[in-house]
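> I'd like to ask some things about the structure below.
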Amino acid sequence: MSDTNPQPQVGKVTPFEPGISMVLAPNASPMTYWGTNSWLVGENRLAIIDPGPMDAAHLNALIDAIDGRPVDHILVTHAHVDHSPLARKLAQTVDAPILAFGSATAGQKPHMQALAASGLAGGGEGIDHDFTPDIILNDNDVIQVDGHPMQALHTPGHMSNHLCFAYETSEQTKALFSGDHVMGWASSLVSPPDGDLTAFMASCETLAARNDRIYYPGHGHPIANPAARVQWLINHRKKREAQIIDTLKTGPQTAESLTREIYTDVNPALLPAAERNVLAHLIDLTQRGHAASQSDLSPTATFQLQ
Ligand SMILES: [Zn+2]
């Protein structure tokens, strides 16, 4: 991570390489770091990736940055309120279609649908329930952006409808727009039922098997060493899983009691988010047959090793 680089200015175009620039949205927060990165791809004809939150000033900043050039596609990595709500307004303004994997729950697994139906709501970033793309992109679909291929990669985990976009400006070198799957500042939030750790780890393996030159994330600085960053994410999760398994060896526990035992040095305000994280691991361990819940899968269920 190149955290020594200056922070981009909100509302201004920050160029990174020919055909790739960014406009930072005015939504800095503990969940979004310095705000959402809205990407402009192409030189003569454009695609916009993640228009960002519903914000009139950000819409104007994007229109200034587009500077009258034709926009062929509006791409959305996932339907969280810091990424997708401005898409429709921008689509109407520049007359371009919205392309994404699907609505907020597209791609959600049955056990997560059951958890959602039981009343568990997503934690952390808000869901854009109204989001509907004009064109559905499936895994590996390719579109043309300013004469170069842009490939959609279904990378569920942070959210079930999450896509990364690989942009190929020459045969050797691909830039990957990594959304919130791999970010420039922190590990990704995986909060059930919208977040799915089993899917997240599989998506990490998908990215680890690629050979991208650089990642342009939804938040934070570009990632110049993608392979190392993805490996760090995988290791970080495996370490947490090992801690949870070790603690469960002493007897059955709930997500809450495990969180109190494991996160001893955490600001109490962050404990609910930590508990979601532990629940994500418990559900993942259950899916993989390493643990079982003593009642129906729920945030208050007691889990044991098996
Ligand atoms: Zn985000």
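> Return the pairs, sorted by first residue and then second, in which the second residue is more than 11 Å from the ligand (Cβ to nearest atom) and assigned to a loop (DSSP other than H, G, I, E, B), the first residue lies in the stretch 176-193 and is more than 28 Å from E17 (Cβ to Cβ) and of a type in the set (S, T, N, Q), the beta carbons are less than 8 Å apart, and the residues are 6+ apart or on different chains.
S191/G122; S191/G123
> Can you tell me which residue is farthest from the ligand (Cβ to nearest atom) among those in the stretch 58-69 that are out of contact with any helix residue (DSSP H, G or I) (no Cβ under 8 Å at 6 or more places or on another chain) and either within 17 Å of L99 (Cβ to Cβ) or not in a helix (DSSP H, G or I) (or both)?
Narrowing the stretch 58-69 to residues out of contact with any helix residue (DSSP H, G or I) (no Cβ under 8 Å at 6 or more places or on another chain): 58, 60-61, 64-65, 67-69.
Restricting the remaining residues to those that are either within 17 Å of L99 (Cβ to Cβ) or not in a helix (DSSP H, G or I) (or both) gives 67-69.
Working: D67: 26, G68: 29, R69: 26 Å.
Of everything passing the filter in the stretch 58-69, G68 is farthest from the ligand (Cβ to nearest atom).
> Residues that are of a type outside the set (A, V, I, L, M), part of a helix (DSSP H, G or I) and open to solvent by 30 Å² or more (accessible area, probe 1.4 Å): does the stretch 285-302 have at least one?
Here is the first cut: in the stretch 285-302, the residues of a type outside the set (A, V, I, L, M) are 286-290, 293-296, 298-300, 302.
Next, only the ones that are part of a helix (DSSP H, G or I) stay: 286-287.
Keeping just the survivors that are open to solvent by 30 Å² or more (accessible area, probe 1.4 Å) gives 286-287.
Yes: one or more hits.
> Condition check: assigned to a helix (DSSP H, G or I), at pLDDT 90 or above and in contact with a strand residue (DSSP E or B) (Cβ under 9 Å, 6 or more places away or on another chain). Does T259 satisfy that? Reasoning before the result, please.
Numbers: assigned to a helix (DSSP H, G or I): yes; at pLDDT 90 or above: yes; in contact with a strand residue (DSSP E or B) (Cβ under 9 Å, 6 or more places away or on another chain): no.
So T259 fails the test.
> Still on this structure, please answer the following. Against the definition (within 16 Å of the ligand (Cβ to nearest atom) and of a type in the set (S, T, Y)), how does T77 come out, yes or no?
Here the answer is yes, as T77 does meet what is asked.
> On to the next question. Would you be able to tell me the number of residues in the stretch 144-159 that are within 16 Å of the ligand (Cβ to nearest atom) and open to solvent by less than 10 Å² (accessible area, probe 1.4 Å)?
Filtering the stretch 144-159 for residues within 16 Å of the ligand (Cβ to nearest atom) gives 155-159.
Narrowing the set further to residues that are open to solvent by less than 10 Å² (accessible area, probe 1.4 Å) leaves 155, 157-159.
Residues in the stretch 144-159 being within 16 Å of the ligand (Cβ to nearest atom) and open to solvent by less than 10 Å² (accessible area, probe 1.4 Å): 4 in total.
> Can you pull out the residues in the stretch 166-191 that are over 12 Å from the mean Cα position of the chain (by Cα) and either within 13 Å of the ligand (Cβ to nearest atom) or surrounded by 24 or more Cβ atoms within 10 Å (Cβ to Cβ) (or both)? Step through it out loud before you land on a result.
Initially, the stretch 166-191 is screened for residues over 12 Å from the mean Cα position of the chain (by Cα), giving 166-176, 185.
If the condition is that a residue be over 12 Å from the mean Cα position of the chain (by Cα) and either within 13 Å of the ligand (Cβ to nearest atom) or surrounded by 24 or more Cβ atoms within 10 Å (Cβ to Cβ) (or both), then Y167, A175, L176, W185 are the ones that fit.
> Just one of the numbered conditions (1) surrounded by fewer than 18 Cβ atoms within 10 Å (Cβ to Cβ); (2) free of Cβ contacts under 8 Å to residues at least 40 places away in the same chain; (3) out of contact with any Ser or Thr (no Cβ under 7 Å at 6 or more places or on another chain) is not true of I66; which one?
(1)
> Kindly indicate whether L248 is more than 16 Å from the ligand (Cβ to nearest atom), surrounded by fewer than 20 Cβ atoms within 10 Å (Cβ to Cβ), modelled with pLDDT of 95 or more and not hydroxyl-bearing (S, T, Y).
For L248, the condition - more than 16 Å from the ligand (Cβ to nearest atom), surrounded by fewer than 20 Cβ atoms within 10 Å (Cβ to Cβ), modelled with pLDDT of 95 or more and not hydroxyl-bearing (S, T, Y) - is met.
> Look at the stretch 262-284 and say how many of its residues are open to solvent by 70 Å² or more (accessible area, probe 1.4 Å) and touching a residue at least 12 places away in the same chain (Cβ under 8 Å). Let's see the steps before the verdict.
We begin by selecting, within the stretch 262-284, every residue open to solvent by 70 Å² or more (accessible area, probe 1.4 Å); these are 264-265, 267-270, 272.
Now narrow it down to the ones that are touching a residue at least 12 places away in the same chain (Cβ under 8 Å): 272.
Summing the residues that are open to solvent by 70 Å² or more (accessible area, probe 1.4 Å) and touching a residue at least 12 places away in the same chain (Cβ under 8 Å) in the stretch 262-284 gives 1.
> Which condition number does N211 fail, the rest of (1) open to solvent by 50 Å² or more (accessible area, probe 1.4 Å); (2) at pLDDT 95 or above; (3) not in a helix (DSSP H, G or I) being met?
The one condition N211 does not meet is (2).
> Sticking with this structure for a sec: Checking A114 against (1) open to solvent by 40 Å² or more (accessible area, probe 1.4 Å); (2) of a type in the set (G, A, S); (3) assigned to a loop (DSSP other than H, G, I, E, B), which single condition isn't satisfied?
Just one mismatch for A114, condition (3).
> Condition first: in contact with a strand residue (DSSP E or B) (Cβ under 6 Å, 6 or more places away or on another chain) and more than 30 Å from S21 (Cβ to Cβ). Can you find one or more residues in the stretch 202-221 that meet it? Full working, then the answer.
Step one: filter the stretch 202-221 for residues in contact with a strand residue (DSSP E or B) (Cβ under 6 Å, 6 or more places away or on another chain), giving 212-220.
Subset that is more than 30 Å from S21 (Cβ to Cβ): none.
The answer is no; no qualifying residue exists.
> Go through (1) more than 19 Å from L279 (Cβ to Cβ); (2) modelled with pLDDT under 95 one by one and return the number of the condition S178 breaks.
(2)
Each row is one residue, and each column tells you yes or no for (1) among the small types (G, A, S); (2) in contact (Cβ under 8 Å) with a residue 24 or more places away in the chain.
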{"residue": "D196", "(1), (2)": "no, yes"}
{"residue": "A202", "(1), (2)": "yes, yes"}
{"residue": "I214", "(1), (2)": "no, yes"}
{"residue": "A224", "(1), (2)": "yes, yes"}
{"residue": "L233", "(1), (2)": "no, yes"}
{"residue": "Q243", "(1), (2)": "no, no"}
{"residue": "L258", "(1), (2)": "no, yes"}
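The values are calculated or read from the model by the stated rules, or taken from the named source; none is laboratory data. Here the structure is a predicted model, which means the values were calculated and not measured. Methodologically, a virtual Cβ is constructed for each residue, glycine included, from the backbone with ideal geometry; neighbour enumeration extends over all protein chains shown. Side chains are part of the model used for accessible areas, which takes the heavy atoms of the whole protein and leaves out ligands, DNA and RNA. Shrake-Rupley method; radii C 1.70, N 1.55, O 1.52, S 1.80 Å.
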